[in-house]
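Any read-out appearing in this document is the output of simple, stated calculations on the displayed coordinates, not a laboratory observation. Keep in mind it's a predicted model, so treat the numbers as computed, not measured. Positions of Cβ are generated from backbone atoms using ideal geometry, with glycine treated the same way; all protein chains shown enter the neighbour counts.
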Amino acid sequence: MNRLSVSLVNAGFFYPVYWNSMFVVRAAPALLHVVFLGQRLLAFQLGPLWINAVCSPVGAFAGQSERSESAILEALLVAASAIAIILLMRQRRAFAGLLLASLGQIALFDSLFRVVFGSRRPPALILTAAFYAAVLFVGLVLMASSTNGGYFKRWAAPVVGFCLPLALFSSFYLCWGAAWQEIGTIVAPALVLSALAATWKKPWKKPPTSSPQTARAVTLRLFAMGLAASLLLAGVIHAAEAVRDRAHLKAHQAFLNAIPKPAASAAYPRIFFQKGVNFTAEGPIGYDPQAVIPLLDLLKNYGVNSIALVPYGFALSKEPVIRYPGGMESNEDIEAITALAHQRGIKVLLKPQLWTRAGFPGNIDFPVPAERARWFGAYRTFLEYYATLAAKIHADLFSVGVELGKMTPYESEWRALIARARELYPGPLVYSATQGPEFETIRFWDALDYIGLNEYYPLPDDLSTADLFQKVGAIHAKFGRPVIFTEAGFPSFEKPNRAPWDETPRAFAPAEQARCYEAILQAFYMQPWFQGMYWWKVGTNGFGGPEDGSHTPWGKPAMDVVKRWYVHGKR
């Protein structure tokens, strides 16, 4: 077959090869730990575009999987698969190249992401990424060398047979909120390495010759077989999803039925001191209630008496439409976690907020009156949806909005929204304002039970809180409402005080994060008008620790500061 024929056949078989490679890299290590080491299967995600499994040692909390062991097993599986492919398929270089390139591409992506964007780059991680890049490169070389011709003819073989199908496959992630830049990040390494692979001039064996008619017939037959295999695999996955979903729904409903429900007449305390954290749904755990029970128990041991649950709606900054639900925070799971928290004496703040592709809801802006009216209409239905849920699950506090700084100047619209929320939800209300002008200029604080601040004001290098204290105290004095920090936090990179919202990777500095926590707690904890905070964030997957530079305090000295104040403080 000619170079175009080989590339078309590879393109036809791309989907089943790539999906099964995902199984080897992203699911097999965890499943082997479950089968042979007796670990607990924490999450198993199955779909036409993904497969993923996460395990955890028995008795460990969510997310405390043995990452180093899984990484080693993943590398061994990739190496063993690569050796088997090379030994068994030497006479089918193009298809062997597709198999190797798929394994290398999938394994490389996560490692390369941590190398480029991670706060730490241990030698083992760099070596692992280099090994996966080598597997990808060898696969592309096999595809490029499967045809004779000049450089561009050799380059076309991996581009048509691998890179273009990879781009098409990855583009479907746009339906789940991925950005085009992310798709480019997935495809770019393969494109760059394809250009290098095409410099391999000498094929390992002269390709067999055949008549054009025979080659065309073989190509069409193999291409059709690849498409048929793709359709068959997609059908099997769809059927497996349906079976899994039915079994999961049945087990989940039984679990929910066993959890005591709050009495409809249960009282809502209007004011209470909140020793909280934002308890966010993180992949692949989400808000799976059975998976997060151990982590809830650990939070209780740290003195946490309230958690913020954060479901997301999805919006564009210039489109007056809000889509919800649709994230990993299902109503059933939120209801179950709320009941589990109440069993442990932990209160719940339900804090629905909007996710925009730009990442910051403060960019949502509709200066044109007609579009603004449409947006407030959409936001009203979004608010009604979650206020109704808050009443159903007996959430102890409800946030009517989060960081919508360009929309909060419209006071009358917000007073109407707050009044509507009170019709649906009988408990106390708060709004979660961005630090700075929004927090300092909102005029409807008096309509709420709490003044809410997402506390990311910069602190000077001596960590003096005098200016911050004056700003917050002035708003309390003006409106006479207690203050809570609906978010507060600092990354664990150096100088986190200068821009507390900024997670740009730099030198790792968990001790500086802890000192910033201490400064905030010392300044506000004992003030009679201050009613607590929710640190950003503890994810349901339990990720954090010494390799993580994000805002989470989990597994870092900052969490010890939290425990000292929450457990031994005088409130």
- Size of charge dipole - segment 305-408 - debye, nearest 20, with Cβ of Lys, Arg +1 and Asp, Glu -1, no other charges: 200
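Can you compute the helix-only [θ] at 222 nm over the chain? Use -39500 (n - 2.57) per DSSP H run of at least 4 residues, normalise by all residues, nearest 500 deg cm²/dmol. Provide the component values of the computation, followed by the final result.
Working: 17 runs with 291 residues, N = 571.
For the chain, the value works out to -17000 deg cm²/dmol.
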- Relative exposure of Ser171, Ser265, judged by other C-beta atoms within 10 Å (fewest first): Ser265, Ser171
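Using alpha carbon coordinates only, what is the Rg to Rh ratio of the chain, with Rh defined as the Kirkwood radius? Please list the in-between numbers first.
Numbers: Rg = 27.1 Å, Rh = 26.3 Å.
Here the Rg-to-Rh quotient is 1.03.
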- Please work out the FRET efficiency for the pair Asp245 and Glu384, using the Cβ-Cβ distance as r and a Förster radius of 35 Å; give the result to the nearest 0.05. 0.80
- For Phe255 paired with Leu46, estimate the spin-label separation in nm (one decimal), with each label point 7 Å from Cα along the Cα-to-Cβ line. 1.7
- Just name one of Gln91, Ala107, Trp180: the one whose Cα is farthest towards the positive end of the charge dipole of the chain (beta-carbon charges, Lys/Arg +1, Asp/Glu -1). Gln91
- About its Cα centre, what dipole magnitude does segment 275-568 give when the only charges are +1 on Lys and Arg Cβ and -1 on Asp and Glu Cβ, stated in debye to the nearest 20? 500
- Query: Which whole-Hz couplings ³J(HN,Hα) result when phi for each residue of segment 138-145 is put into the Karplus expression 6.51 cos²θ - 1.76 cosθ + 1.60, θ = phi - 60°, listed in order with x for Gly and Pro?
  - Reply: 4, x, 5, 4, 4, 5, 5, 8
- Query: How large is the charge dipole for the chain, taken about the Cα centre, if only the Cβ atoms of Lys, Arg (+1) and Asp, Glu (-1) carry charge, to the nearest 20 debye?
  - Reply: 1760
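Note down, for segment 275-568, the three equivalent ellipsoid semi-axes (square root of 5 times each alpha carbon gyration tensor eigenvalue), biggest first, whole angstrom.
Working from the Cα gyration tensor, I get semi-axes of 28, 23, 19 Å.
Say the cut-off is 31 Å between C-alpha atoms; which of Lys261/Lys300; Lys406/Lys471; Lys318/Lys478; Lys347/Lys478 go over it?
Values: Lys261/Lys300 20 Å; Lys406/Lys471 20 Å; Lys318/Lys478 34 Å; Lys347/Lys478 28 Å.
Lys318/Lys478, as the Cα separations exceed 31 Å there.
Of the DSSP beta bridges with both residues in the chain, give the percent that are antiparallel, rounding to the nearest 5. Working shown, then result.
Working: 12 of 48 bridges.
Antiparallel bridges: around 25 percent, rounded to the nearest 5.
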- Among Ala224, Leu316, Ala80, the residue whose Cα sits farthest towards the positive end of the charge dipole of the chain (+1 at Cβ of Lys and Arg, -1 at Cβ of Asp and Glu, taken about the Cα centre) is Ala224
- Stretched out fully, how many nm does the piece from Ala511 to Ile126 gain, at 0.36 nm a residue minus the Cα gap? 136.0 nm
- Task: Express in nm, to one decimal, how much length is gained between Phe360 and Phe23 on full extension, taking 0.36 nm for each residue of separation and deducting their alpha carbon distance.
- Result: 117.9 nm
- Task: Pull up all non-local amide H partners of Ser550: gap of 5 or more, or a different chain, and H-to-H distance under 5 Å with H placed in the peptide plane.
- Result: Ser492
- Query: Which residues' amide hydrogens lie under 5 Å from the amide hydrogen of Leu354, considering only partners 5 or more residues apart or on another chain, with H built in the peptide plane?
  - Reply: Gly313, Val402
- Per the charge dipole of the chain (beta-carbon charges, Lys/Arg positive, Asp/Glu negative, Cα centre), the residue among Ser70, Ala258, Ser7 reaching farthest to the positive end is Ser7
- Query: If we count other beta carbons within 10 Å of each Cβ, what is the order of Val192, Val400, Val34, fewest first?
  - Reply: Val192, Val34, Val400
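Please give the net charge around Pro325, taking every other residue with its beta carbon less than 15 angstrom from that of Pro325, where Lys and Arg add +1 and Asp and Glu add -1. Let's see the in-between values first.
Values: positive: Arg323, Lys351, Lys392; negative: Glu329, Glu332, Asp333, Glu335, Glu384.
Value of the local net charge: -2.
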- Query: When the Karplus curve 6.51 cos²θ - 1.76 cosθ + 1.60 is applied with θ = phi - 60°, which whole-Hz ³J(HN,Hα) does each residue of segment 411-425 get, with x for Gly and Pro?
  - Reply: 4, 4, 4, 6, 5, 5, 5, 5, 4, 5, 4, 5, 5, 9, 10
- Could you work out how far apart the two model spin labels at Ala416 and Asp462 are, taking each label as a point 7 Å from the Cα in the direction of the beta carbon, and quote it in nm? 5.0
